[in-house]
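The values are calculated or read from the model by the stated rules, or taken from the named source; none is laboratory data. The structure presented is a predicted model; accordingly, all values stated were derived computationally and were not measured. All Cβ positions, even for glycine, are placed from backbone atoms using ideal geometry, and neighbour counts span all protein chains on display. Just so you know, the surface numbers come from the protein's heavy atoms only, side chains and all, with ligands and any DNA or RNA stripped out. Shrake-Rupley method; radii C 1.70, N 1.55, O 1.52, S 1.80 Å.
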Amino acid sequence: MSSSLYSDLIKTINTQQKIIFYLLLQLSSIYANSKAPKLTDIADLDYQKLTVDELPKVVETEKLDYKNLLEEHLIQTGKPLKPVKRHASSKTVDTTVCCPHCQAPSDFLYLNNGQADNDQYRCKVCNTLFNHKNRFLKEITLKCPHCNDSLVKIKQRKGFSIHKCRSTDCPYYQKRLKGLSKKELKAFQKNKTLFKMHYIYRDFELSLAELEDTPDYKSPVQLKNVNCSPHVLGLILTYHVNYGMSGEKTAALLYDVHQLKISGQTIRNYARSVAHLVRPMTDYYPYELSDQFCGDETYIRVQGKWHYIYFFFDAEKKIILSHRYNRHRDTQTAIKAIHDVVRRFEQVPDNLKLIVDGNPIYKLAEAFYAQNGIGFEVIQVIGLTNKDAVSKEYRPLKQIIERLNRTFKANYKPLGGFNSEAGPLAHVTLFTTFFNFLRPHSSLEKGRVPVILPELEACEDMPQKWIKLLQLSEQFIKEKQAI
Ligand SMILES: [Zn+2]
Ligand SMILES: [Zn+2]
């Protein structure tokens, strides 16, 4: 090779390297400035701290009686305990306020500070300090199951509060301390928040009873009130739902191909009515399930902001069980989405496993259900590569739900975002109905649909299938209402 060709090649390679470097810079800046939410970007992402501890001891606060205390005082000191003496100019204590611990009346209460809306009081009889807000609270005390010390509320998060045993004599803490390696101990001494060392209890505001309210089988819409022929409605649903075409595109297609004049807004209205109608059957159909479920969140754009859809999915039967929609990614919605899975079992199977991403909300949801006597295992597949054995074993399941998410996104994208919250609710319901009952799935035997309804098999084409499905939904609602 001639030396001039050689140097030319090196020059070219150098130029190319510069271009690649420049493109990488551009790419990273595009990524950094992208407004799409990053699903791994979570401030609380600290798995080690999310271990679930056993339940605390719940102790009813011992109630004292101020009359007995006054008597005791008299016996011990020989003098009666007198009410609080107040200066003529000082603020009086409202007569409706009494000590939450011993019921001493207002005469025995010192006013600790004079702030108008948050008065703090001290009881002269039992020495309890309380304020206007918590004067009725504190009927119970939470105690550490390891050392019996009272737990201290350290944080209020959305939907739950965190209570901690602060004692360093606690056997739980001592055991953790001994379990640290020399290196970890050094790191811990430098930064005390690095490891979860203390017993923690999360007190959820949500109760299981609230989740178990009876399903709403009432539909505000009846098929006969939809103002177009069944065949046209079937066409609209096929274009709009199966092919994910926007209202406007569906309207254009109906006009160009079928000479039908229907506006994009009318199509969206129809879609909402149909979503109401099919929702009871889609959500409460007695699906035959496996014991492998996976969950994931995806985001959609509503009124220019990113909102979330939570899916739970039977990985084997390819059935969508939960399609919760929320503005936020929070623990309460994760709890509700998991409820859509567990409510289907009369008895939750012993080996029930939920495969999810690394989002801590699922671990917190697991803690919530454990507290309510419902046990299952949350398996988190973290990151993009199989750094641990768990990720390796369960990644295929994770990929299954990621595929579902891609299918949903591909279906939703052409719609180009929603301008009200009713839009995504209707769309995700219709998508779920389509996915479970109408959409052939390549990984199922002979590419069949996940849930086979014989009545649909008999239909000739997709518009007819939709209409049949709507009739079955009406029938489903009627049967449920009759029970
Ligand atoms: Zn008192
Ligand atoms: Zn303790």
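Taking a ≥ b ≥ c as the square roots of the eigenvalues of the Cα gyration tensor, the range 391-454 is oblate, since a/c reaches 1.5 or more and a/b is not larger than b/c.
Per 0.36 nm of contour for each residue apart, how much would the distance between E377 and D461 grow if the chain were fully extended, relative to their Cα-Cα spacing?
Length gained, E377 through D461: 26.0 nm.
When the solvent-accessible area of the range 277-482 is split by element, carbon and sulfur atoms take up 47 percent of it, the probe being 1.4 Å.
Between amide H atoms placed 1.01 Å from N, distances below 5 Å from I379 occur with L354, I355, V356, all of them 5 or more places distant or on a separate chain. Kirkwood analysis of the Cα pair distances in the chain returns a hydrodynamic radius of 27.9 Å. What's the extension gain from H73 to A252 if we count 0.36 nm per residue and subtract their Cα-Cα distance? Additional length available on full extension: 55.6 nm.
Using θ = phi - 60° in the Karplus curve 6.51 cos²θ - 1.76 cosθ + 1.60, the 3J(HN,Hα) couplings for the range 456-468 round to 7, 4, 6, 7, 6, 9, 5, x, 5, 4, 4, 5, 4 Hz; x is entered for Gly and Pro.
From the Cα gyration tensor of the range 284-355, with a ≥ b ≥ c the square roots of its eigenvalues, which class applies: rounded if a/c is under 1.5, or else prolate if a/b is larger than b/c, or else oblate? Kindly include the intermediate steps, with their values, before the conclusion.
Values: a/c = 2.39, a/b = 2.08, b/c = 1.15.
Prolate, because a/c is 1.5 or more and a/b exceeds b/c.
If a/c stays under 1.5 just call it rounded; otherwise compare a/b with b/c (prolate if a/b is bigger, oblate if not). Do that for the range 144-205, with a ≥ b ≥ c from the square roots of the Cα gyration tensor eigenvalues. The shape class here is oblate.
A Förster distance of 22 Å, applied to the separation of the beta-carbon atoms of D330 and N419, puts the FRET efficiency at 0.40. Rounded to two decimals, the Cα radius of gyration of the range 277-482 over 2.2 N^0.38 Å is 1.04. The figure for R272 is an accessible area of roughly 70 square angstrom, using a 1.4 Å probe on the protein chains alone. The length gained on full extension between T12 and Q399, counted as 0.36 nm times the residue separation minus their Cα-Cα distance, comes to 135.3 nm. Computed over protein heavy atoms with a 1.4 angstrom probe, the accessible surface ordering of K178, K164, largest first, is K178, K164.
Over the chain, Cα pairs under 8 Å with separation of 6+ residues give a relative contact order of 13 percent.
Every helix of 4 or more DSSP H residues in the chain counts as -39500 (n - 2.57), and over all residues that averages to -12500 deg cm²/dmol at 222 nm.
Here the range 238-296 and the range 330-364 have alpha carbon centers that stand 27 Å from each other.
Can you work out the FRET efficiency for the pair L180 and K478, with r the C-beta to C-beta distance and R0 = 56 Å, to the nearest 0.05?
On the way: r = 63 Å, r/R0 = 1.13.
With a Förster radius of 56 Å, E is 0.35.
Based on the Cβ-Cβ distance from S28 to T96, what FRET efficiency comes out when R0 is 51 Å, to the nearest 0.05? Efficiency computed from Cβ-Cβ geometry: 0.20.
Per residue, how many Å² of accessible area does the chain show with a 1.4 Å probe? Mind showing how you got there, number by number?
Details: 28130 Å² over 483 residues.
Per residue, the chain has an accessible area of 58 Å².
Let me check against my output: what whole-number percent is the relative contact order of the range 277-482, with C-alpha pairs under 8 Å and at least 6 apart? This gives 23 percent for the range 277-482.
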